[in-house]
Amino acid sequence: MGVSINKAAYTKEVPEDRLELIDALASMGEGTIMFVGDVDSGKTTTVTFVANELVKMGYRVAVVDSDVGQKSILPPATVSIGFLESPVEHLSQVSPSAHYFIGITTPSEYMGETVVGVKRLVEIGRRNADFVLIDTTGFIRGRGFELKRLKVEAVLPDLVVFIERAGEMGELKRAVSGLTGVVSLNASSSVRKHTHDERREIRRAKWRSYFEGSRLVEVDVSDVPVTGTLMFRGRPLTVEEKELLERLQDWVVFEGWKLGDEYVVVKADSGRVRYCRGSGVRAVDLESLSNLIVGFIDGSGLCLGLGILKWPRFSEGVFEVLTPLDAETLSLASELRLGRLRVTEDGEELSLLRRCDL
Ligand SMILES: Nc1ncnc2c1ncn2[C@@H]1O[C@H](COP(=O)(O)OP(=O)(O)OP(=O)(O)O)[C@@H](O)[C@H]1O
Ligand SMILES: [Mg+2]
């Protein structure tokens, strides 16, 4: 059996506690509801069901998809909001109205971005819908616990719906119950677990679908500043400084900047590798920039869409980026923000970078 791009849909009858939840929401008449649970507990299936039922009752419904690794509303590596026009079979059929750029599919080093993104999009949802439903990652342990708590503290939802198998959400429930209403649903016994490989295949299909029909565009980085990195800050290095670094480190230096006492240098190793820890020189490998996910950011900090950085032509101040965005949308971009995931347009994830790598 092939892997479906949409893994969440009720296949059998609806559990009783979901119907009770619908009744409770209908009596609220409006609200922001966050759905939290372990991996493969049925969060997305439940959000889809609740969204559909509320739409059928005539409510305006927004869905904020914050499951950066397994997004239903494309593209991956962002947080997105969409409004339901009518009931949908899968949330992937909801067309996105706005995105916030995260730049990677695992939020643990990007908790700030994830929380800000969810908060910004929920505000849009509250202005334009009766109900805002927030789907989340299954990342609930370790830093994931803090991420969920921070999201609740930032967004202050009216209700958090915990989907649990055996009381595993008890601690988080206690941690947030002073801030929000809480309710627990049983994770359905028919929920199907997905392996790591299946999840990667699902992501591959999503990347491929998003970048289908993309074209290469040239981004003038003096016009559209590059952000989300230590590069491009301070003053550019002089020719002498570049030559000195090349001799000292055995590098080819493509570009560099000096800010305060620190140098940031884009380089390739020319044979022997000598590291410069503690020298005040931060080195970015040119190779780590190829196939890097980038976000086109508008003047309000929201993300217009993604691109794949194919070739940074530092000497000309031009980045070649593959993107499905049209010229009109691109003209709204006021920043090109660097992510930390390298992926090809065929959906092959090449590597994840650390936040501090760029
Ligand atoms: N009540 C149910 N009856 C039958 N199948 C279900 C039910 N709930 C979920 N499933 C199936 O179980 C799988 C996991 O569900 P779902 O994708 O909703 O979980 P999730 O918590 O959103 O997962 P993730 O952590 O990946 O976001 C899906 O294949 C879905 O179709
Ligand atoms: Mg899900």
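Bear in mind that the values in this text are calculations on the coordinates, not laboratory data. Not measured: the values here are computed from a predicted model. Using ideal geometry, Cβ is built from the backbone for each residue, glycine included, and neighbour counts are taken over all protein chains shown.
For the reader, a short list of remarks on this structure follows.
- Counted residue by residue at 0.36 nm each, then reduced by the alpha carbon distance between them, the extension gain from residue 352 to residue 165 reaches 64.2 nm.
- Protection proxy ranking of 288-295, 193-200, 300-307, 18-25 - average other beta-carbon atoms within 10 Å, highest first: 288-295, 300-307, 18-25, 193-200
- Length added when fully stretched, residue 262-residue 26, from 0.36 nm per residue minus Cα-Cα: 79.2 nm
- For region 213-358, diffusion coefficient by Stokes-Einstein and Kirkwood Rh (Cα), 4 °C, 1.567 mPa s, µm²/s: 81 µm²/s
- Estimated dipole of the chain in Debye, rounded to 20 [Cβ of Lys and Arg +1, of Asp and Glu -1, Cα centre]: 740 debye
- Helical contribution to [θ] at 222 nm, DSSP H n ≥ 4, -39,500 (n - 2.57), averaged over the chain, rounded to 500: -8500 deg cm²/dmol
- Violating pairs (Cα-Cα greater than 24 angstrom) within the set 56/206; 43/193; 148/310: 56/206; 148/310
- Evaluated with a Cβ-only charge set (Lys, Arg +1; Asp, Glu -1), region 16-210 carries a dipole of roughly 560 debye about its Cα centre, given to the nearest 20.
- Here the residues 250, 135, ranked from fewest to most Cβ neighbours within 10 Å of their Cβ, fall in the order 250, 135.
- Share of Cα-Cα pairs in region 101-202 lying beyond 16 Å, as whole percent: 63 percent
- Here the mean projected area of the convex hull built on the C-alpha positions of the chain is 19.9 nm².
- When the inverse distances between all different Cα atoms of region 277-329 are averaged and flipped, the Kirkwood radius reads 13.0 angstrom.
- Mean separation of Cα pairs under 8 Å and 6 or more residues apart, divided by the residue count, gives region 16-210 a relative contact order of 28 percent.
- Residues in region 314-358 reached by a label modelled at residue 300 [backbone nitrogen below 15 Å; 7 Å Cα→Cβ]: 332-334
- Using a Förster distance of 35 Å, the FRET efficiency for residue 216-residue 85 (Cβ separation, nearest 0.05): 0.55
- Three-way shape label, region 16-210, alpha-carbon gyration tensor, a/c 1.5: rounded
- Normalised by the number of residues in region 213-358, the average gap of Cα pairs under 8 Å and 6 or more apart makes the relative contact order 26 percent.
- Inter-part distance, region 87-106 to region 288-358, computed on C-alpha centroids, equals 18 Å.
- Volume of the convex hull of region 9-72 (Cα atoms only), normalised per residue: 98 Å³.
- Placing a pseudo-label 7 Å from each Cα along the Cα-to-Cβ vector at residue 244 and residue 14 gives an inter-label distance of 7.0 nm.
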